[in-house]
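Notes to accompany the following structure.
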């Protein structure tokens, strides 16, 4: 492994030699790459980034499956490198509300296959005798948690990479990147103060400096340096009797957003409770200018005052050791992103340029592995969709947005965050042409990819009385279950099924593809046949080569060489990246992004045709405008285009109009619908109640890389003759017996032990008769992928993948929710809709 | 016995020193502040002497409001009281500083705080003028020894030892006296978390400094930051592979074997 001379070219250049860059180098060489350069402006083994000052503990259980599985996989890797010490981890609660949250931790642990259990105060005291148990209610114990040595792991991974690359790895510390060379939209070279390296593949793994590097190529990685305060207190005589780095579980004092963890004879005390302190990356000092390290500026005393008081309260016995003092104190800088998740994947505006940033110690080895898989073969074993860097594409990369969301998100670390909790800052950001009208109707807006979408309308409160009988037993008495929710959603649903509703804007990603090679290109992207007549629509899975889901979306053929792809707003950025990446270098394929220029209004319900017919120039009869087709539609004065289909299982159209005419479209439909009592209804109906009754799958919930269309029950296209991405794996998946099949379940009994009706919200484990989580033959746990009430079927519905032995209609099972078990039954195996299984309404 | 430790807020010097554009000051943007290790020892000595002999340990500085950070460090190290001579943001030379401190000590005396022992660091960590301690002694007409690395007090007399080449000098000084100390006289404690927290809440006595700068003083023209030589590390090998190279370096370059 040369550490001196930079080669003039390399297959891959990795910028950053922290834990992430080292892991990438190792796993890329494991995947067969043999010509790599790793460079860092700092020295080795600690180049001065966040890796050098982390507290180095790994608590695997999180509410995010993705992060839990990445941490689990990272623990395995640290263990394999002999750099992991299993200590266990203990999250303690000071309040009853936190105890509920810890019960939810147990639930997530079970759902993601991690051990974890509740401890009462006595058990906590026995496990950690120095804890002041007088102020706590109990705790959550995670036995597989522990600590690692990321600097040593980095060395091991570099050595392994060197071995695997057989002389093809160059590691160049003390090397500053001066520029990135981009030609024809692709990365070509990395210019440094030690020379220029030609490369067609470059990964930015530069931690909190990543935005600066990305800017050299004219692209954005949305993160900001943020302070995490940490002090180290010692020597503590209590620890002197114990050998090794750590003999007691890492403590997270959740309600004060702090941790206390033994490190030899010291206690490391870290805090996320202080006011958010964000840095401008340009103010982070150079290595020479920093007394400790660039990412370890001096502690801001006044911000840490409350943290000291809280730490003294929970571990007084250790901190009041007369010999012990504060030996080390820093404002540790780490990377904070607008939603707290990492930023991974190809940066779509520069071919060959990748981001691997905002990654913590606890998930770095696994993320290096997953991103290396993604780079070399196009998909990763662990689905990374929630970390895709493209999720902020073209709306969430401004400095103001990043700072606002980071400040807000910092305060959620260790917080009790409801799964539906909405961001408050930088809103409204993306508003459709309907926004003002919806605000007038007291819409309760939720945000998706920056778009403001009404979740329900307070103006529909009168429907609660009308549907009082239908809603009996389906409203939610528990505060947690009903937080960020309203029974009005259910009433809106009933109104839509009985009359007609208008829904929009959904914030879709809308991409038009134009060019002589588009028909062939589109065929290659989709499972469904796209050589359909002009005016046909195709709902289709989009797969990776492993046969797992990259997306599911609708493709409409607009002309012989013109297609429109419509996808969910949350996936728009990553789908756009996927489609862009697959455009052949020499092909005549142009992508026109219409997401911001077209608005979408759905008109659905038994009366939808009557409403549209009143105002449309064209004939909208079933003969003239059959289901699953698309055509131009002039609505009053508005030149629109419409598809006849529905995600809520009703007759109707999605009408797409130029954003500038959107308000006119809204007013025209609202006026024409008056005599039918048309109601604007929210995404609560569109995304949950209507969808769940129809068994429609949602990307990121039911659909992800780890499941195939066969398992999701989406094989209705069969295997077409034409070649497409993922075809072989897809064909194999159809041939093989499913390891698990997506089912719709309903809750049989909602009553908790104290007699309250409870409603699951999603991500709960499905249990077998022993009370253990069900695991399929591939080692995947069965959990609730989506939960929502179906008012028309009168049930609370859950979707979950179940292995063959449980995937039987009528099978009784249990779901665990907030520490209790509730009986559920399998209603449907596969994708057959529970409501209107023959789709008579859509075809009506 | 009451002991006063006088300290100075200085930029943390553990990094490359960058000067401000006017070359009058150190650019402290990235540095953070501290006091010299000698002064940490002065505080520790004050605390230990008063713990041993009774009385009160008092810490004093001349500096801007921000210098309360260093005073609180002293309080967290178990000094009993702290005084800030509020000097604003401008820099004071050693003569003016000594005059202000001497006046401050007189004022404190007028208010009932008489000191038996005035401890200084041997020199400040930034300017290193080596003057303030001796000038204060002269102003207050007190005996003074400098560069002390061992101090014992008995019956109103201090036995102070100074390391010199080949041995040590031992001084017997009647108190009250001024003594400037050097790192090594003791091992300054790390403040405990509870002490740090209490120190944040403790009152700091604030006074307006008065100084006679006198005539014939000198002026600072500018600061210069010397070029630092670039250092490079070479990895000699991994594990046992490195042995031959290490031996080679020890033989031919370091010449220890």
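Data for the structure
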| read-out | value |
| --- | --- |
| Selection within the range A:636-675 - in a helix (DSSP H, G or I), touching a helix residue (DSSP H, G or I) at 6+ places or on another chain (Cβ under 6 Å) and more than 20 Å from residue A:445 (Cα to Cα) | A:668, A:672, A:673 |
| Residue in the range A:53-60 that is out of contact with any strand residue (DSSP E or B) (no Cβ under 7 Å at 6 or more places or on another chain), more than 20 Å from residue A:419 (Cβ to Cβ) and modelled with pLDDT under 95 present | yes |
| Within the range B:209-230, tally of residues that are more than 10 Å from every other protein chain (Cβ to nearest Cβ) and at pLDDT below 85 | 13 |
| Hits in the range B:1-25 (condition: part of a strand (DSSP E or B), more than 30 Å from residue B:115 (Cα to Cα) and within 11 Å of another protein chain (Cβ to nearest Cβ)) | none |
| Which numbered condition residue A:544 misses (of (1) in contact with a strand residue (DSSP E or B) (Cβ under 8 Å, 6 or more places away or on another chain); (2) surrounded by 24 or more Cβ atoms within 10 Å (Cβ to Cβ)) | (2) |
| Set A:285, A:291: member being assigned to a loop (DSSP other than H, G, I, E, B), within 12 Å of chain B (Cβ to nearest Cβ) and more than 35 Å from the chain's Cα centre (by Cα) | A:291 |
| Condition broken by residue A:807, with the remaining ones in (1) touching a helix residue (DSSP H, G or I) at 6+ places or on another chain (Cβ under 9 Å); (2) crowded, with 19+ Cβ neighbours inside 10 Å; (3) touching a residue at least 60 places away in the same chain (Cβ under 8 Å) satisfied | (1) |
| Top-ranked residue in the range A:231-254 [being buried (at least 22 other Cβ atoms within 10 Å of the Cβ) and away from every other protein chain (no Cβ under 14 Å); ranked as nearest to residue A:126 (Cα to Cα)] | A:249 |
| Selected residue (criterion: farthest from the other protein chains (Cβ to nearest Cβ)) from residues of the range B:189-208 that are in a loop (DSSP other than H, G, I, E, B) and within 21 Å of the chain's Cα centre (by Cα) | B:204 |
| Test: residue in the range A:264-282 that is in contact (Cβ under 8 Å) with a residue 60 or more places away in the chain, within 13 Å of another protein chain (Cβ to nearest Cβ) and touching a helix residue (DSSP H, G or I) at 6+ places or on another chain (Cβ under 6 Å) | no |
| Elements of type helices (runs of 4 or more DSSP H) contained in the range A:397-486, each with 3 or more residues being surrounded by fewer than 15 Cβ atoms within 10 Å (Cβ to Cβ) | A:435-440 |
| Check on residue A:258, touching a residue at least 12 places away in the same chain (Cβ under 8 Å), within 14 Å of chain B (Cβ to nearest Cβ), touching a helix residue (DSSP H, G or I) at 6+ places or on another chain (Cβ under 8 Å) and closer than 30 Å to residue A:396 by Cα | yes |
| Residue list for the range A:134-148, restricted to those being surrounded by fewer than 20 Cβ atoms within 10 Å (Cβ to Cβ) and closer than 18 Å to residue A:267 by Cβ | A:135 |
| Those residues of the range A:153-179 which are out of contact with any strand residue (DSSP E or B) (no Cβ under 9 Å at 6 or more places or on another chain) and more than 13 Å from chain B (Cβ to nearest Cβ), in sequence order | A:154, A:157, A:164, A:166 |
| Residue count for the range A:297-320, restricted to those that are outside any helix (DSSP H, G or I) and more than 8 Å from chain B (Cβ to nearest Cβ) | 3 |
| Pairs, first at negative phi in the range B:238-252, second part of a helix (DSSP H, G or I), C-beta under 9 Å, six or more apart | B:238/A:155; B:238/A:159 |
| Odd one out for residue A:351 among (1) more than 28 Å from the chain's Cα centre (by Cα); (2) surrounded by fewer than 21 Cβ atoms within 10 Å (Cβ to Cβ); (3) in contact (Cβ under 8 Å) with a residue 60 or more places away in the chain | (1) |
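Quick grid of which residues meet (1) touching a residue at least 40 places away in the same chain (Cβ under 8 Å); (2) closer than 17 Å to residue A:364 by Cβ; (3) assigned to a loop (DSSP other than H, G, I, E, B):
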residue	(1), (2), (3)
A:6	yes, no, yes
A:17	yes, yes, yes
A:32	yes, no, yes
A:38	yes, yes, no
A:68	yes, yes, no
A:71	yes, yes, no
A:92	yes, no, no
A:97	yes, no, no
A:109	yes, no, no
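The values are calculated or read from the model by the stated rules, or taken from the named source; none is laboratory data. All values derive from a computational prediction rather than experimental measurement. FYI the Cβ positions are ideal-geometry reconstructions off the backbone, even for glycines, and counts take in every protein chain you see.
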